[in-house]
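Rule-based calculations on the coordinates, nothing more; no lab input. Computed from a prediction, not measured in an experiment: that's the story for all the values here. Cβ sites come from the backbone with ideal geometry, for glycine too, and all protein chains shown count toward neighbours.
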Amino acid sequence: MEPVTPQMLTETAKKVLEKQQYRVIGSHSAVKTCGWTKKMVKGEGGCYKLKFYGIMSHQCLQMTTSISCANRCTFCWRDYKAPVGKEWKWETDDPEMILKGSVKAHHDLLVGFKGNPNANKSLFNKSKEVKHVALSLTGEPIIYPRINELLDLFNKEMISTFLVTNAQYPDQIRDLKPVTQLYISLDAPNKELLRKVDAPLFKDYWEKLLLSLDYMAGKKHRTCIRLTIVKGMNDVEPENYALLIKRGNPDFLEVKAYMFVGASKGRLKKENMPWHEEIVDFTKRLMEYLPDYEIVSEHIPSRVVMVAKKKFKQNGSWNTWIDFPKYHELVNSGNEFTAMDYLAKTLQVGLSGRKIREEVEAKKKAEQEKVFVNENTEELEFWKEDTKQD
Ligand code: SF4
């Protein structure tokens with residue numbers, strides 16, 4: 001009898017995911033509607049990748065090709081019960097099935113907006129055409145053995161690809177076909193702290209990270225390093241982060257606050273979530289060691305700051321947005337091209353200087369004052385009204 005290839009997810013694990021609003025595609029992929037996609041359909045604004053790169057949040061499919069991961073990051077919203085593993089040992093699904101199944105599941109999840117009075121009709125109608133895929137939902141998408149075939153299909157469908165990897169599979173990074181923007185998560189500035197923050201399965205996790213950065217540096221297309229800052233944990237040693245960033249030589253950096261959500265709430269405290277202004281301060285400290293880069297923009301609701309290589313500033317204007325039609329033309333031509341060949345002008349740049357902590361605290365105070373009698377308002381004057389009526 002031939003040995004049976006194991007499935008990544010048990011039936012129970014699938015049911016748990018479905019309950020959490022994931023849709024499992026085949027045996028190892030999943031889709032979940034991004035909160036920003038829903039917001040955009042309601043006309044409430046887009047995600048930071050809209051502001052930074054021109055991603056239309058209402059036309060974005062959020063998915064992964066592998067629920068399994070080789071890390072158990074402290075800040076991740078995944079439960080520790082989610083599958084982990086170092087090597088791919090599971091049944092492998094067909095890329096075309098994954099693409100079609102994911103797009104269908106994405107539409108099914110959004111169908112509730114049809115006729116919903118809170119939805120913007122035009123944006124909802126446009127959401128039916130998927131233009132972007134964020135391969136970053138959960139797990140490690142790059143270990144899916146047929147990832148390159150899937151990327152080819154996305155390219156042919158004119159769907160842009162943003163792929164995030166945790167830098168534990170350098171060979172896959174080296175061999176990866178062009179993606180619109182390739183991300184590496186850089187979660188700590190030194191080996192010991194990375195072990196603490198990411199709880200990696202691989203013993204040579206640090207060497208794998210370094211090699212991944214080397215391969216990233218060799219990429220011709222757009223690359224980005226993302227730092228997820230956990231206050232009191234990895235918000236240290238900007239000079240060592242800078243050394244690693246120089247090694248990966250990305251086009252962009254995103255310095256983002258850890259968000260106190262999902263299963264991470266059981267591992268971290270709300271106090272570990274930095275305020276936006278703390279992210280701005282940390283990015284400014286980082287900039288002291290990165291003379292080739294400049295801060296471009298911020299997205300306050302996501303508590304993230306975007307930094308770009310100075311070459312993206314041309315004639316005084318930033319060009320961090322993506323010319324998507326151009327990208328698709330280039331990638332489908334089979335010819336060589338670089339990150340500088342599909343640029344578009346960034347619509348909004350700069351830092352607001354807002355102090356969110358003060359704003360939130362003032363708002364909270366005002367809320368509390370509503371509950372109690374405020375002697376500075378007319379609330380105590382009600383007796384006058386009563387007297388008038390007598
Ligand atoms: S790019 Fe990311 S944050 Fe923006 S809509 Fe897509 S999945 Fe959501």
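Considering the chain as a Gaussian network with a 10 Å cut-off on Cα pairs, which listed residue, Gln20, Gln62, Gln172, attains the greatest mean-square fluctuation? Comparing Gln20, Gln62, Gln172 in the GNM, the peak value goes to Gln20.
The GluC sites (Glu not before Pro) of the range 1-92 that DSSP puts in a loop, and whose beta carbon has at most 15 other beta carbons within 10 Å, are Glu44, Glu87, Glu91.
Taking each DSSP H run with n ≥ 4 as -39500 (n - 2.57) and averaging over every residue of the chain yields -10500 deg cm²/dmol at 222 nm. Would you mind checking the pairs Lys86/Lys310; Lys156/Lys219; Lys131/Lys363; Lys156/Lys191 and listing those with alpha carbons more than 28 angstrom apart? Table pairs above 28 Å Cα-Cα are Lys86/Lys310; Lys131/Lys363; Lys156/Lys191. A simple packing score, the average count of other Cβ atoms within 10 Å per residue, orders the peptides 149-156, 22-29 as 22-29, 149-156, with the highest score first. Here the chain is assigned +1 on the Cβ of each Lys and Arg and -1 on the Cβ of each Asp and Glu. Its dipole about the Cα centre then comes out at about 420 debye. With only the Cα atoms considered, the range 224-298 has a convex hull volume of 94 Å³ per residue. Sorting 124-135, 229-240, 250-261 by average packing, meaning the other beta carbons within 10 Å per residue, from highest down gives 250-261, 124-135, 229-240. Decide, for the range 1-132, between rounded, prolate and oblate: order the square roots of the alpha carbon gyration tensor eigenvalues as a ≥ b ≥ c, take rounded if a/c falls under 1.5, and otherwise choose prolate if a/b is larger than b/c, else oblate. In terms of gyration-tensor shape, prolate. Estimated translational diffusion coefficient (Stokes-Einstein, Kirkwood radius over Cα pairs, 37 °C, 0.692 mPa s) of the range 11-354: 161 µm² per second. Rounded to the nearest 10 degrees, the angle from helix 238-248 to the longest Cα principal axis of the chain is 40 degrees. Between the helical axis of 205-217 and the dominant principal axis of the chain, each derived from Cα atoms, what acute angle in degrees is found, rounded to the nearest 10? Result, in degrees: 80.
Listed by chain and number, the aspartates and glutamates whose C-alpha is less than 16 Å from the C-alpha of Lys89, apart from same-chain residues fewer than 8 away, are Glu2, Glu140.
Excluding same-chain neighbours fewer than eight residues apart, the aspartates and glutamates reachable from Lys326 by a Cα-Cα span under 12 Å are Asp341.
Within straight-line reach of Lys269, meaning a Cα separation under 18 Å, sit the following lysines at least 8 residues removed in sequence or on another chain: Lys196, Lys231, Lys256. Projecting the Cα atoms of Ser102, Met340, Leu151 onto the charge dipole of the range 11-354, computed from C-beta unit charges around the Cα centre, puts Ser102 farthest toward the positive end.
Note down the Stokes-Einstein diffusion coefficient of the range 254-357 in µm²/s, whole number, using a Kirkwood radius over alpha carbon pairs, 25 °C, and 0.890 mPa s. So the translational diffusion coefficient is about 155 µm²/s. For the range 150-226, the C-alpha radius of gyration sits at 1.17 times the compact-globule guess of 2.2 N^0.38 Å, with N the residue count.
Amide H contacts for Thr346 (H built 1.01 Å from N in the peptide plane; partners 5 or more residues away or on another chain; cut-off under 5 Å): Trp318, Asn319, Thr320, Trp321. Beta bridges per DSSP, both residues in the chain: antiparallel share near 45 percent. Report note on the peptides 107-114, 342-349, 355-362, 157-164: ranked by the mean count of other C-beta atoms within 10 Å, highest first, their order is 157-164, 342-349, 107-114, 355-362.
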